[in-house]
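Asks: Supplied in structure tokens, the structure appears directly below.
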Amino acid sequence: MRKNFKEATLLWFGVLAFLGLSILVYPLISKLMLDLKFLNLLFIIILTIILLALGYLFPLVARFENKPILTLVNSFRMSFENMAASILILVINGGLIVMFPIYLPKLFFVWLVTAIALAAFINSQLIEKVFNRYRLEDDEVQKV
């Protein structure tokens with residue numbers, strides 16, 4: 001457990017550093033993006049790819065023992081190989097956790113009590129199905 005804590009903390013600091021850098025850099029390049037529309041699209045695509053991979057990052061740390069860089073690479077790989085589940089995880093996290101309190105502030109207490117738990121439950125079910133697929137592949141390889 002202690003090893004997972006160290007790895008998760010290291011990855012979390014990396015995620016925070018990336019998000020902090022993105023927030024600092026975005027105002028500087030936003031003027032450029034107004035003139036060049038493809039840069040805006042490129043920024044959105046890169047951010048979406050990273051958010052898709054983040055859905056798998058910490059469950060991978062909890063389930064498997066790997067070096068942090070391999071965990072990061074595997075989270076990107078899993079997000080591309082399981083695109084439907086990845087998009088669903090992104091929509092659930094974005095919709096329930098981020099957008100719901102912004103657009104429905106009157107239901108903030110209901111959101112506070114249920115949304116995060118509901119999002120975690122649905123995400124865990126989706127991620128479990130994805131991990132079972134990889135576990136079955138590993139079992140088949142070991143039998144041969």
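Asks: Do the conditions hold for Ile127, that is, is it among the hydrophobic types (A, V, I, L, M, F, W, C), in contact with a helix residue (DSSP H, G or I) (Cβ under 6 Å, 6 or more places away or on another chain) and in contact (Cβ under 8 Å) with a residue 60 or more places away in the chain?
Replies: Here the answer is yes, as Ile127 does meet what is asked.
Asks: Next question, about the same structure. With respect to Asn40, is the statement that it is assigned to a helix (DSSP H, G or I), of a type outside the set (A, V, I, L, M), free of Cβ contacts under 8 Å to residues at least 60 places away in the same chain and touching a Ser or Thr at 6+ places or on another chain (Cβ under 9 Å) true?
Replies: Considered against the rule, which asks whether it is assigned to a helix (DSSP H, G or I), of a type outside the set (A, V, I, L, M), free of Cβ contacts under 8 Å to residues at least 60 places away in the same chain and touching a Ser or Thr at 6+ places or on another chain (Cβ under 9 Å), Asn40 comes out as yes.
Asks: Determine the pairs where a residue that is modelled with pLDDT of 80 or more, located within the stretch 76-101, has a partner that is β-branched (Val, Ile, Thr) and exposed (fewer than 15 other Cβ atoms within 10 Å of the Cβ) with Cβ atoms under 9 Å apart, the partner being 6 or more residues away or on another chain.
Replies: Phe76/Ile49; Ser79/Ile49; Phe80/Ile49; Leu90/Thr48
The values are calculated or read from the model by the stated rules, or taken from the named source; none is laboratory data. Remember, it's a predicted structure, so these values are computed and weren't measured experimentally. Don't worry about glycine lacking a Cβ; one is built from the backbone with ideal geometry, like all the others, and counts go over all protein chains shown.
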